[in-house]
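Read-outs throughout are calculated quantities, based only on the coordinates presented, and are distinct from any laboratory measurement. Computed from a prediction, not measured in an experiment: that's the story for all the values here. Neighbour counts are summed over all protein chains in view; Cβ atoms, including those assigned to glycine, are modelled from backbone coordinates with ideal geometry.
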Amino acid sequence: MSLIETARLTKKYNGNAAVDTVSLSIREGVCTALLGPNGAGKTTTLNMLTGLIKPTEGEIDFNKNYAGDRRKHIGYLPQYPKFYGWMTGEEYVSFSAELAGLSKKKAKESTNKMLSLVGLEEDRRKKVSGYSGGMKQRLGIAQALVHEPKLVILDEPVSALDPIGRREILELMKTLKQHTSILFSTHVLHDAEEVSDDIFIMKKGKIIIEGGLSELQQKYQQPAFFIETEKAMDNWLSSINEKSWVRQSKLDKKKLTLTVEEVDTARDALLKDPMLHKLKLLKFEVAKTSLEDLFMKVMR
C-alpha cells in the first residue's frame, strides 16, 4: 500500500526544472532510498514532499487513511540540521514535541521513548554543544520521530559523518524500519543497498531507474571476476577482451573487474590460461557487479 504518491511533480526556478515531472510511490512499512549525485534534485523533491516548498506543477497525495494535513504525519531531518547548543538533548526533543502539538505530559513521555530508541538516554542531560556529529544526527532523528509520524524523511543522513558515526546511523535506520516508514536521500549506493527495500535513482531532476532492491539486483547485477596480479596485465587483457564470453573489463593498475556472460565458461577459460598464471595471481574471486556499478554507469 502506498503511503505517499506524486504525479508529474515539478519545481522550476527561473524557468529551469530542478525537479522534472517526477512520479513516485513510497510504500508504507518499508525503507525507500532516493539516490542521485549532488544537484540531481533530491533535496528539492524531499522539500516538496514535506511541504516546505510548493511545487510548480504536479500533485502530492498522502494515504487517505491518515486524515488532515500530511505534514503532521511526516517527520523530517534536513541535511544540515540546526541545534540550540545551550539546550540539553532532552530539552531539544521535548521542545520539538511541543512544537508538533503534543501536550507537556505526552511530549515528556515521547521524548524519553525516542531518546532511548536512538541510544541517547545516558546523554539526555548533556548540552547539545558537547555532542559529536553522530550524536547530533541521532538527536535529529529523535526529534523527527517524537510525534510518531507515519513517514520519516532523512536528507543525506550520513554524508557529513566519520566512519563510526556513519555506521551508527545506518544501524539505527535498520532499527527504525521496525517502527515507521523511511524515505532517505543519499549519493552513496552502498548505503542504500544496506538498509533500503525500494530504490529511486534521480538524474538531472528526473527518475531514471526505480524498483525494489531485490528486483534491481536481479535485473542489473552481472557475474564478474575480480582479479589481481603482481605483474601488469595490459597486454594479456587485450587478448581476453576479444573473447565472446567477456561483456566488459575495467582495469585499475593491477586490479581487474571482468564482467562475463556465463561464469562456468569464463572460469574454465581463465584458470586454464597460461598467460594469466605468468602474471602471478594474487587474487581470483568470483562475484557479481554491485548496483554501484549501475549507478556510476547511468550517471555518466
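List of remarks:
- Residues of type lysines that K278 reaches as a straight line, Cα spacing below 25 Å, ignoring anything fewer than 8 places off in the same chain: K231, K243, K250, K253, K254, K255
- Answer label, with Cα extents along the principal axes in Å calculated from the coordinates and candidates (i) 76, 45, 35; (ii) 49, 41, 41; (iii) 95, 40, 32: (i)
- The 3J(HN,Hα) values that the Karplus relation (6.51, -1.76, 1.60; θ = phi - 60°) gives for segment 75-85 are, in residue order, x, 9, 10, x, 5, 10, x, 10, 10, 8, x Hz. Gly and Pro appear as x.
- Between the listed residues F83, H187, Q143, the Cα displaced farthest toward the positive end of the dipole of the chain, a dipole computed from Cβ unit charges relative to the Cα centre, is found at F83.
- Cβ-placed point charges (K, R +1; D, E -1), dipole of the chain about Cα centre in debye, nearest 20: 700
- Between segment 1-60 and segment 151-195, the alpha-carbon center distance in angstrom: 19
- Cross-link reach is defined here as a Cα-Cα straight distance under 20 Å, omitting same-chain residues fewer than 8 places apart; for K219 the lysines meeting it are K203, K288, K297.
- When the chain is treated as a GNM with alpha-carbon contacts under 10 Å, the residue of L251, L99, L145 showing the greatest mean-square fluctuation is L251.
- Put a plus charge on the Cβ of each Lys and Arg, a minus charge on the Cβ of each Asp and Glu, and nothing anywhere else: the dipole of segment 8-71 about its Cα centre is then about 100 debye.
- In the chain, taking the dipole from charged Cβ atoms about the Cα centre, the farthest positive-side position among G15, N63, L258 is held by G15.
- Packing-based ranking, highest mean first, of 131-144, 114-127 given that Cβ atoms within 10 Å are counted: 131-144, 114-127
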